[in-house]
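Structure record follows, encoded as structure tokens.
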Amino acid sequence: MKVELDDSGVRRLWAAVLWQAIKDADYAEGRGAAYNWIFSKRSDVGSMRWICDMLDLDFDKLQTMSMSRAGRSKILGRTDGAARPRYMPRQQPVPQNQADPSGQQGELL
């Protein structure tokens, strides 16, 4: 008997890590750490390359797109291609039991 495991929760978790790093690359306070992680040569568990491999994403394409604000906006699903101005404060995180009221989600290619 073959047992299939549902790994969707784990995949969503690692997709959220990738999403947050790309989002942090747009903001001065998180940019350095985000860039270091995005452009790292590492391939061990938790690295961007490992996450992309696990999620069947094109690592090289995501890394290249992450170099520009327009590319990051495309990854994050921003239709206007613009990031939030630097002087605006971060929004408070949405509690886990509440959905995003805009219903907008970007796509990780």
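What follows is calculated from the coordinates using simple rules that are stated; it is not laboratory data. All of these numbers come straight from a predicted model, not from anything done at the bench. Methodologically, a virtual Cβ is constructed for each residue, glycine included, from the backbone with ideal geometry; neighbour enumeration extends over all protein chains shown.
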Please report Lys74, Lys61 as a ranked list, fewest other C-beta atoms within 10 angstrom at the top and most at the bottom.
-> Lys61, Lys74
Just subtract the alpha-carbon distance of Asp6 and Val45 from 0.36 nm times their residue separation and send over the number in nm, one decimal.
-> 12.1 nm
The stretch 9-76: Rg/Rh from Cα coordinates, Kirkwood Rh?
-> 0.93
The answer for chymotrypsin sites (Phe, Trp or Tyr not before Pro) in the stretch 1-50 that fall in a DSSP coil and have at most 16 neighbouring Cβ atoms within 10 Å is Tyr27, Phe39
